[in-house]
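The values are calculated or read from the model by the stated rules, or taken from the named source; none is laboratory data. No experiment lies behind these values; they were computed from the predicted model shown. Cβ sites come from the backbone with ideal geometry, for glycine too, and all protein chains shown count toward neighbours. Calculation scope for accessible area: heavy atoms of the full protein, side chains included, ligands and nucleic acids excluded. Shrake-Rupley method; radii C 1.70, N 1.55, O 1.52, S 1.80 Å.
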Amino acid sequence: MDKLILSALKAIDVADLTRADWIAVGMALKEEGFPVSVWDEWSKNDERYKPGECERLWNGFHGSSNPVRGGTIVKLAQERGWSPFKGEGGCLNWDDSISYDGREDSVQSIGAKENWNPAQDLIRYLETLFDSEDRVAYVTNDVWQNEEGKWAPGRGVWDRTAGQLIAGLKKHPNDVGATMGDWKSEAGAWIRFNPVDGAGVRNENVTRCRYALVESDTLPIEEQYRLYRRLELPIACLVHSGGKSLHAIVHVDAESADEYRRRVDYLYDFLEKNGVSIDRQNRNPSRLSRMPGVTRGGKRQYLVATNIGRRNWADWQDFAEGASDELPEMAPLAKFVENPPPLPEPLIEGILRRGHKMLISGSSKAGKSFLMMELCIAIAEGRRWLSFPCRKGRVLYINLEIDPASAINRFLKIYEALGIPPTHAEDIVIWNLRGRALPLDQLVPKLIRRIRNQHFDAIILDPIYKVITGDENKASDMGAFCNQFDRICSETGCSTIYSHHHSKGAQGAKKAMDRASGSGVFARDPDAQLDMVQLELTEHLKNNVRDGTATAWRLESSLREFPNIEPVDFWFEYPIHRVDESGALTSVYAEGSPMGNLTKSGKRNTQEDRKASVEMAYNVCSFELPVSLESMAEYMGVSIRCARDRIKECGNEYTIKGGYVVKAEKAGSTEIG
């Protein structure tokens, strides 16, 4: 079937197609299991070709209940004078692949040549499936008719070897019945595909569980064949039943009855997941199948092909596991040197791209839900969020924690506090799941189904502890949990943003990425992690807080796609967060930070103490002019950033130029190199 489609594709001039037909060809190629490179190479023959466009569209072909299939390509080729038939008279040769040209009269004749040799059919079948000493069980004339008038097999014969049967067929090449026994023409004949011990035909009489029967009565025959070939079943013999199905005798190669059952279940489950409705009554190893080389109701039971697909079970299982793992294809870097894929546009400038993941972590007092709602508004209105520009878009807010009325009123209060009208409130969609939340692996499929074609740019889940599956502190469990966020991103194209709480205790001494509760997977997994840590206010700042209830916070980052941001200090003044534009919080330490502890003198690290430390550091380091900021920071035992903040806190007494510190009274006499 693959060769047929490729042959048809070559006969189609891509430049002659409309864009709709061109896209239909791409959909058909993907449905038939071809890689995107086939579509891309063929498309290059059109002056409309754009590098990367095939791959972009290909990734959006997710299938449907009525998919575009290979017949579309065949039809387009036939309209342009191409024919699938070869040989004299337009008939298929014996060794050709089965194909279907859309005509009803082709179904019964696929794979059969005009000068059919029934005895040779059966010989080839026996030689393929059995050793010469194997005993073969079959049914020809031991048949009966049930109440519905259908013919059914009896126990038949089971004491003759494959070698004996083959010898008899060769002796009487024009009379299969002389060797196998005459059969009732209305009923046809059956054969068991696994060897037996010569004592009966029950499962326990089977000597080796080599093969299993795959049969589907619900799909058209040409569709059965197409799927068997596409799924590369390790078919030893493929027999036309003379009715509405193909009987595929498939390698199972089991060493025991238990292994046979497991492998057949695996085989049938795989086929059903891939669109092949299987008759599961055929799962036992002593099952009868249709015998080739006979007729049934005037129609042939014939051998279509032998040894197609993968060579054996192990080889096919490797294919099946690869086909069902849903992983993308590998690609050499050279493919992208000239035409690298475009990066997704930023959703939050300098922090998060569209289709990527972001975690916001913080303590329970940080107002994380308010901050997430502010982000929703910033995206919907195309405004800044904590000083970061946001691309205008549509956002889904999944509320997992608070009651619906409270959630809605919070949004309205935030709009009011920000002083902006809800001009684009229709671009914020709220999904209230308090009390209705499911574990994330169960919620994600429902979420994806609900938002398909709704054109969201971001999905916010608040908070994730409501949907966590597994042990929060176990890396493997949290790795599987976080994979669900990847699934949301990949299947919807949306950015996924979620919030999580801090672990217990003071957080100031920890790095930002280590503060989230549970496994470190939480911090390592997202493309962007923003962490909110509370600042420990001085008495002076406490006395100057506007309403006496505001709390101070610092936002720190761990980013994968962008450089880490300079920490952002802000106030949480219910119901919104305001960036500290004055710089009052610059020199304030996070709660629990060692830098905020007592000084060696046992006194509080006050502003006076910090100024004194700058004076001392400058005097000590000034033995070699100019005085570097780095040497002063080292003397004070603080970071360069903190040293810079302390020096700025001294007002005009010191200036910093090019990484060096100059005292005001010496500014005119000290030369900075």
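Worth pointing out:
- Rg and Dmax [Cα atoms of segment 335-464; Å; Rg one decimal, Dmax integer]: 15.8, 53
- Put simply, when 429-437, 456-464 are sorted by average Cβ atoms within 10 angstrom per residue, most first, you get 456-464, 429-437.
- Carbon + sulfur, % of accessible area of segment 396-492 - ligands and nucleic acids excluded, 1.4 Å: 47 percent
- Listed residue pairs exceeding 27 Å between alpha carbons, taken from LYS30/LYS299; LYS30/LYS75; LYS365/LYS392; LYS30/LYS446; LYS368/LYS542: LYS30/LYS299; LYS365/LYS392
- Estimated vicinal HN-Hα couplings, Hz - segment 10-23 in sequence order (Karplus 6.51, -1.76, 1.60; Gly, Pro = x): 4, 7, 9, 7, 4, 5, 8, 8, 6, 4, 4, 5, 4, 5
- Summarising the amide proton neighbourhood of ILE497: residues at separation of 5 or more, or on other chains, whose placed amide H is nearer than 5 Å comprise MET358, ILE459, ILE460, LEU461.
- Protein-only accessible surface order, largest first, of VAL74, VAL620 at 1.4 Å: VAL620, VAL74
- When only Cα pairs below 8 angstrom with a gap of at least 6 residues are kept, the chain shows a relative contact order of 8 percent.
- With the whole protein complex present, ASP265 retains an accessible surface near 50 Å², based on a 1.4 Å probe.
- Here the alpha carbons of segment 226-342 define both size measures, Rg and Dmax, at 18.3, 63 Å.
- Using 0.36 nm per residue and subtracting the Cα-Cα separation, the extra length available between GLU345 and ARG155 on full extension is 61.4 nm.
- What the pair-distance distribution of segment 181-295 shows, using all Cα-Cα distances binned every 5 Å from zero, is 2, 12, 22, 23, 20, 13, 7, 2, 0 percent.
- Considering only ALA24, VAL264, TYR574, the residue lying farthest towards the positive end of the dipole of the chain is TYR574, judged by Cα position with unit charges set on Cβ.
- The gain in end-to-end length when the HIS455 to THR469 segment is fully stretched comes to 2.2 nm, 0.36 nm per residue minus the alpha carbon separation.
- The angle between the Cα long axis of helix 640-649 and the longest principal axis of the Cα atoms of the chain comes to about 30 degrees, rounded to the nearest 10.
- Charge sum, other residues only, whose C-beta stays under 14 Å from VAL143's C-beta, Lys/Arg counted +1 and Asp/Glu -1: +2
- For segment 131-191, with all protein chains in place and a probe radius of 1.4 Å, 44% of the accessible heavy-atom surface sits on carbon or sulfur.
- With distances taken between every two different alpha-carbon atoms, the chain has a Kirkwood hydrodynamic radius of 31.6 Å.
- Listed peptides 159-168, 579-588, 486-495, 239-248 appear in the order 239-248, 486-495, 159-168, 579-588 once ranked by packing, highest mean of other Cβ atoms within 10 Å at the front.
- Rounded to the nearest 20 debye, the dipole size of segment 399-498 about its Cα centre is 300 debye, using +1 on the Cβ of Lys and Arg and -1 on the Cβ of Asp and Glu.
- Helix-only arithmetic for the chain: the sum of -39500 (n - 2.57) across DSSP H runs with n ≥ 4, divided by the residue total, places the mean residue ellipticity at 222 nm at -9500 deg cm²/dmol.
- Principal axis extents of the C-alpha atoms in segment 246-306 (largest first, rounded to whole Å): 39, 27, 22.
- Between PHE623 and ASN564, the simple spin-label model (points 7 angstrom out along Cα→Cβ) gives 3.3 nm.
- The chain: angle of helix 257-273 to the longest principal axis, Cα-based, in degrees nearest 10: 70 degrees
- Overall dimensions of segment 127-256 by Cα: Rg and Dmax, Å: 15.6, 39
- Bridging of LYS244 to aspartates and glutamates at a Cα separation below 16 Å is possible for GLU104, ASP105, GLU186, GLU215, ASP217, GLU222, GLU223, ASP279, once same-chain residues fewer than 8 apart are set aside.
- Per residue accessible area in Å² of the chain, where ligands, DNA and RNA are left out and the probe is 1.4 Å: 50 Å²
- Cut-off 20 Å, label 7 Å out along Cα→Cβ of LYS75, residues of segment 27-41 by amide N: 27-34
- Built amide H within the under 5 Å cut-off of THR295, gap 5+: GLN301
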